[in-house]
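Structure first, then comments.
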Amino acid sequence: MKTKYLTLILSLLILIISCSSSVNYSEKFKTETSGKYLFNADDVITISYDDNSLYMHWRGIKSKPVATDTNEFFVSDLYQKLRFVQHPKTRERYLSVISESNPDSISYDYIKVNDTYKTPSEHLEEKNFDKALEGLLAIKEKDSMSEFINQYKFNRIGYRYIRDNNFEDAIGVLEMNTKLHPSSPNTYDSLGQAYLVSGDSLNAYHNYKKAYNLNKGNRRAQKYIDAYESKMD
């Protein structure tokens, strides 16, 4: 049994090596297919070539898929076989998932985007909050329940900046969150706190007031509003 298992593994390795080594990519093909493909609304796959080898960059990991044909390759991380396709009408390029039940069918799964394209998460990491918001609002328009616009995720990022005394970026993230979730009292409460610890009492007041108007049970907001307005009298 052990000998048969080892033989099977060896056979698979030989098959993989033979498939990968027998594929030759033209320079034209490499130019047309290398670049970024949108895996989902906030994630990209990047295809590149090193000499005659195809590489895939995905979620921080660079891997070498098994090339089974010039136009096809197998990705173990996805457990999917992919092929490069071009839409006959739009002429846009895609990575197509090859169906196990119907391998001759063509689907348009992961669209190729410009090399300069950045996901909302990439903009957020680079602290380009306006660009991040633009991308996130586009996601929200298509799916208002998307996990990518979860308000609590941005709250955690904002409070992490607050703990680091990075109030400017905390305000940037939390203000973005209020625009993504304008009906949530929690987002205004968090932004109010960020302004308060930064020393901006006026903007703290405005945001605590918005939070309180959306949730009359917010005692912290009410306490601050009362204290601020008493000083104005």
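Mind listing whichever residues of segment 202-233 are open to solvent by less than 50 Å² (accessible area, probe 1.4 Å), polar (S, T, N, Q) and part of a helix (DSSP H, G or I)?
Asn207
Would you please list the contacts, defined by Cβ atoms under 6 Å and residues six or more apart or on different chains, that run from a residue in segment 110-138 that is touching a residue at least 40 places away in the same chain (Cβ under 8 Å) to a residue that is in a strand (DSSP E or B) and among the charged types (D, E, K, R)?
Lys112/Arg93; Val113/Lys36; Tyr117/Lys36
Conditions tested, residue by residue: (1) over 30 Å from Glu141 (Cβ atoms); (2) of a type in the set (S, T, N, Q).
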{"position": "Phe29", "(1), (2)": "yes, no"}
{"position": "Gly35", "(1), (2)": "no, no"}
{"position": "Asp51", "(1), (2)": "yes, no"}
{"position": "His57", "(1), (2)": "no, no"}
{"position": "Lys64", "(1), (2)": "yes, no"}
{"position": "Glu92", "(1), (2)": "no, no"}
{"position": "Ile98", "(1), (2)": "yes, no"}
{"position": "Ser107", "(1), (2)": "no, yes"}
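What is the residue count in segment 139-152 for residues that are under 13 Å from the mean Cα position of the chain (by Cα) and surrounded by fewer than 16 Cβ atoms within 10 Å (Cβ to Cβ)?
3
Please enumerate the residues belonging to segment 36-66 that are under 15 Å from the mean Cα position of the chain (by Cα) and among the small types (Gly, Ala, Ser).
Those that are under 15 Å from the mean Cα position of the chain (by Cα) and among the small types (Gly, Ala, Ser): Ala41, Gly60.
Residues of segment 90-120 being among the aromatic types (Phe, Trp, Tyr) and either touching an Asp or Glu at 6+ places or on another chain (Cβ under 7 Å) or open to solvent by less than 80 Å² (accessible area, probe 1.4 Å) (or both), which ones?
Of segment 90-120, the ones among the aromatic types (Phe, Trp, Tyr) are 94, 108, 110, 117.
Listed by number, the residues that qualify are Tyr94, Tyr110, Tyr117.
Pairs only if they're at least six apart or on different chains, beta carbon under 6 angstrom, first in segment 22-47 and among the hydrophobic types (A, V, I, L, M, F, W, C), second crowded, with 19+ Cβ neighbours inside 10 Å and at pLDDT below 95; list them, first residue then second.
From segment 22-47, the pairs are Val23/Ala67.
Please find, within segment 58-89, the residue that is surrounded by the most Cβ atoms within 10 Å (Cβ to Cβ) out of those that are hydroxyl-bearing (Ser, Thr, Tyr) and free of Cβ contacts under 8 Å to residues at least 24 places away in the same chain. Before you say what the answer is, go through the steps one by one.
Kept after step one, since they are hydroxyl-bearing (Ser, Thr, Tyr), are these residues of segment 58-89: 63, 68, 70, 76, 79.
Cutting the leftovers down to free of Cβ contacts under 8 Å to residues at least 24 places away in the same chain gives us 63, 76, 79.
On the way: Ser63: 11, Ser76: 9, Tyr79: 7.
Once the filter is applied, the top-ranked residue is Ser63.
Restricting the search to segment 32-47, which residues are of a type in the set (S, T, N, Q), touching a strand residue (DSSP E or B) at 6+ places or on another chain (Cβ under 7 Å) and open to solvent by 30 Å² or more (accessible area, probe 1.4 Å)?
Within segment 32-47, Ser34, Thr46 meet the criteria.
The values are calculated or read from the model by the stated rules, or taken from the named source; none is laboratory data. In this text the structure is predicted, and so the values were computed from the model without any measurement. Backbone-built Cβ (ideal geometry, glycine too); neighbour counts: all protein chains shown. Ligands, DNA and RNA are excluded from the accessible area calculation, which covers all protein heavy atoms including side chains. Shrake-Rupley method; radii C 1.70, N 1.55, O 1.52, S 1.80 Å.
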